[in-house]
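Everything below concerns the one structure shown next.
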Amino acid sequence: MEVLSIILSSSLVSGVITTLIIQTNESKLNKRNNFHNKNLQVDNFFRNISNEKLLRLLNDWHDILYRREDEELKIDEITLVRRTLFYGSAETIRRLSLYQSYIYNLNPEEEESLQEMARGGVLITGIIVSLKKDFSNEDVSIENIMKTYLPWYNDEFDEEVKKQIAIYNY
């Protein structure tokens, strides 16, 4: 009788431990799946709802950098920042905050040095590249974008651009 009691109680304990382990693993798996599903839903929302808006935003940032001298260009930068905050990814917003800080600390009285030209170009192009990633999930280098639009881009400027990219961790 005592042997039977020991066998039954060890079977019961083994069953309880097995059930607890299974439930813990299922709970962890469910939490991970829920987190993953939530991220997919957020990504899907931005891709489906805001694709056209992201494209317009990407074009506006492009125009800010590469059509700055165009007198017909009418872009409200406050609205542009607000739209970027609304539609941009966390990385785009990080880059926007760095650009905003740069603009705030910029001294319009000083002549723009090669370093400042590279810094400003990298900061704005960094936003453009990040928006491109948000829009099409493609990675494009800042240097390639800048080389495409700046005919005077040379080795000296490239060296300064690479320094700025490293400073801002782009």
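The values are calculated or read from the model by the stated rules, or taken from the named source; none is laboratory data. Computed from a predicted structure; not experimentally measured. We place every Cβ from the backbone using ideal geometry, glycine too, and count neighbours over all the protein chains shown.
Would you confirm whether or not the range 96-109 contains a residue that is in the same structural domain as Ile165 (by TED's automatic domain parsing), touching a residue at least 40 places away in the same chain (Cβ under 8 Å), outside any helix (DSSP H, G or I) and more than 18 Å from Leu150 (Cβ to Cβ)?
Checked against the condition, which is being in the same structural domain as Ile165 (by TED's automatic domain parsing), touching a residue at least 40 places away in the same chain (Cβ under 8 Å), outside any helix (DSSP H, G or I) and more than 18 Å from Leu150 (Cβ to Cβ), the range 96-109 yields no hits at all.
Which ones in the range 126-147 are among the aliphatic types (A, V, I, L, M) and surrounded by 19 or more Cβ atoms within 10 Å (Cβ to Cβ)?
Passing the criteria: Ile127, Ile128, Val129, Leu131, Ile142, Ile145, Met146.
How many residues, within the range 110-125, are surrounded by fewer than 21 Cβ atoms within 10 Å (Cβ to Cβ), among the small types (Gly, Ala, Ser) and modelled with pLDDT of 90 or more?
Here the count works out to 1.
For Glu112, state whether it is free of Cβ contacts under 8 Å to residues at least 24 places away in the same chain and either assigned to a helix (DSSP H, G or I) or within 27 Å of Leu55 (Cβ to Cβ) (or both).
The answer is no for Glu112.
Any residue in the range 64-85 that is closer than 18 Å to Ile145 by Cβ and in the same structural domain as Gly121 (by TED's automatic domain parsing) sitting within a Cβ distance under 6 Å of a residue that is of a type in the set (A, V, I, L, M, F, W, C) and outside any helix (DSSP H, G or I)? List the pairs, counting only those 6 or more apart or interchain.
Arg67/Leu73
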